[in-house]
Amino acid sequence: MTITSQEFKQANARAKALKASTPAATSARFDRRSGNIIVTLSSGVGIFFSPKDAQGLEDGTPAQLSQIEITPSGFGLHFPKLDADLYLPAILEGFLGSRKWMASRLGAAGGSSRSKPKAAAARANGSLGGRPRKLATSH
């Protein structure tokens with residue numbers, strides 16, 4: 001794929017606008033005591049999040065999470081021992097993974113809820129014979 005000079009100029013303009021409107025990471029570290037990733041921004045504000053809530057970091061060990069590289073733009077966090085990357089502007093919007101990954105996390109949380117209505121529905125379903133068994137298919 002070849003990029004035209006016009007596309008290159010447009011990409012540079014978008015990057016310049018992003019840099020002007022979005023704080024960049026100036027430092028990032030894993031805090032073993034709290035178990036959080038802590039990022040300091042160019043605005044002086046600090047943010048933190050649990051690696052368990054970030055795509056690619058959820059199964060990381062403290063040793064793997066302790067090595068964090070900030071991309072030259074300041075908009076990316078790279079975890080070389082996990083080969084995982086996070087995009088800071090997305091983190092600032094509350095997204096710690098791809099849309100598909102975030103949706104699966106939300107679905108898993110919803111499926112594990114234990115509300116009274118869900119328990120009542122499960123009991124009612126059980127009294128009707130429960131969920132139908134899957135039939136074994138032969139190939």
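General remarks:
- Neighbour-count order for Thr26, Thr61, fewest beta carbons within 10 angstrom listed first: Thr61, Thr26
- Ranked by the mean number of other Cβ atoms within 10 Å per residue, highest first, peptides 31-42, 8-19 order as 31-42, 8-19.
- Since only Thr61, Ser43, Ala15 are under comparison, the one whose Cα sits farthest along the positive direction of the charge dipole of the range 6-97, derived from C-beta charges on Lys, Arg, Asp and Glu, is Ser43.
- Under the convention that each Lys and Arg Cβ holds +1 and each Asp and Glu Cβ holds -1, the size of the dipole of the range 6-97 around its Cα centre is about 340 debye.
- Per-residue HN-Hα couplings for the range 41-56 [Karplus 6.51, -1.76, 1.60; θ = phi - 60°; Hz; x = Gly/Pro]: 9, 4, 7, x, 7, x, 10, 9, 7, 7, x, 5, 9, 10, 4, x
- Among the listed pairs Lys19/Lys100; Lys9/Lys81; Lys52/Lys134; Lys19/Lys52, those whose Cα-Cα separation exceeds 31 Å are Lys9/Lys81; Lys52/Lys134.
- Annotation: amide H-H contacts under 5 Å for Phe95 (H modelled 1.01 Å from N, sequence separation of 5 or more, or interchain): none.
All of the numbers you see were taken from the coordinates with simple rules; none came from a lab. As the structure is a prediction and not an experimental result, all values here were calculated from the model. All Cβ positions, glycine included, derive from the backbone under ideal geometry; neighbour counts span all protein chains shown.
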